[in-house]
1. Only residues of the range 200-219 count here: report those whose backbone N is under 16 Å from the spot 7 Å along Cα→Cβ of Thr321, or say none.
2. Provide the gained length on full extension for the span Glu116 to Ala365, in nm with one decimal, where the gain is 0.36 nm per separating residue minus the Cα-Cα distance.
3. Expressed as a whole number of Å, what is the distance separating the alpha-carbon centroids of the range 63-129 and the range 242-320?
4. Taking 0.36 nm per residue of sequence separation and subtracting the Cα-Cα distance, how much length would be gained by fully extending the chain between Glu346 and Asn384, in nm to one decimal?
5. How much mean residue ellipticity at 222 nm does the chain get from its helices, if each DSSP H run of length 4 or more adds -39500 (n - 2.57) and you divide by all residues, to the nearest 500 deg cm²/dmol?
6. Sticking with the crude label model, points 7 Å out along Cα→Cβ, report the distance from Ala170 to Arg44 in nm, one decimal please.
7. Relative contact order of the chain, please, whole-number percent, based on alpha carbon pairs below 8 angstrom and at least 6 residues apart.
8. Which of the GluC sites (Glu not before Pro) found in the range 151-260 are in a DSSP loop and have at most 15 neighbouring Cβ atoms, other than their own, within 10 Å?
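Bear in mind these aren't lab numbers, they're just calculated from the coordinates by the rules spelled out. Computed from a predicted structure; not experimentally measured. We place every Cβ from the backbone using ideal geometry, glycine too, and count neighbours over all the protein chains shown.
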Amino acid sequence: MIQVAVMGYGTVGSGVVEVIEKNKEEINKKSNEALNIKYILDLRDFPGDPYEDKIVHDVEVILNDPEVQIICETMGGLKPAYEFTKRALMSGKSVCTSNKELVATHGPELIQIAHEHTCNYLFEASVGGGIPIIRPLNYSLTAEKIDAISGILNGTTNYILTKMEREGAAFEEVLKEAQEKGYAERNPEADIEGYDACRKIAILSSLMCGKNVRYQDIYTEGITKITADDFKYAKVMDCTIKLLGLAKEENGGLYAMVSPFLISKNHPLSMVNDVFNAVCVHGNMLGDSMYYGRGAGKLPTASAVVSDVVDCARHIGKIITCFWDAEDVKLTNVDEVERAFFVRVEKAKEQEAKETFGDVKEITAGVDGEFAFVTGRMSEKEFNEKAEKVGVISRIRFA
């Protein structure tokens, strides 16, 4: 029997316990050995909880028990998760986590420590909740040269943008509703400013290139400036607006960014709505593949954590290969990347905009007092210089 401990008995941690207990027969069969939850670490007491007898308040109980071979870290954040995880790995215990912040910040270091102590650090649940994407990048697509990854990586912002498009509602109005329904946090900054998606694309792009992409180096822009009028224009162009995380190899370099993008209604990501997530991966042999599902939530995320537990159980005393070196990648400056832009300016500036941006395609959507247009392809730097000269109401990139 393999003894498992859970660190953090919140939403995901309690989900991990539920998945292991509810699917015990299936999980034990696939693990080739029975799994048993021996400890659950939390500062709180849970009187009346069916697993009350497994609750411990001191991490030393788990770290010093030689019977515990696998730990699920579902605490979130860096402190004390980093210290606990590092010590667990150094004692030869494999760790499975949903903690994207920890993985994005210390991933290569923790993988290295795990391998030095013949155990594993797995993090399928850190990106895309229950969507299997880490494992395909690590195993299924190893014959491929992956040159691009793009995805809808945050369910909160996708829900907000979907509602804005369907109902013509304002951002603030939909955000408030999302908070009331529990889809958005009371402090939604990490979601709506793109920070959550940034950490996720940092993890995916690191696995894509095999080196460390620092999330701090990724250009990140949220959805707070998107308006109902933007969706009126998008509809005319047969497009929608999605917050995308992108990583792409181009001209010998790698760039990564998070930003709202206009995408064609013919693109598969345009059909990913509400709290669902999806990731598109492009390989030089396979072409495009797409991974879709619930990107958050108690049981989908817990399912991904437990899938890693099963993987660790199958590989006790063996290293599961993960291609993510500690060497930092110098990203291409986003200013150098070329694309087309959708731009809105005041009607009085129409002539100036045409003279500055050259040959543009006018877009009309019944919005008074504005001149809206699509530019030709140009670098971000060139666009920003021209936009500053004219003074624009807003701009959205084309994917």
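1. Only 207-211 fall inside the zone, counting backbone N under 16 Å.
2. Taking 0.36 nm per residue and subtracting the Cα distance, the gain is 83.6 nm.
3. 21
4. Full extension from Glu346 to Asn384 adds 12.0 nm.
5. After summing the helix terms and dividing by the residues of the chain, the value is -10500 deg cm²/dmol.
6. Result: 3.5 nm between the two label points.
7. Relative contact order for the chain comes out at 18 percent.
8. Within the range 151-260, the qualifying GluC sites (Glu not before Pro) (loop, at most 15 other Cβ atoms within 10 Å) are Glu185.
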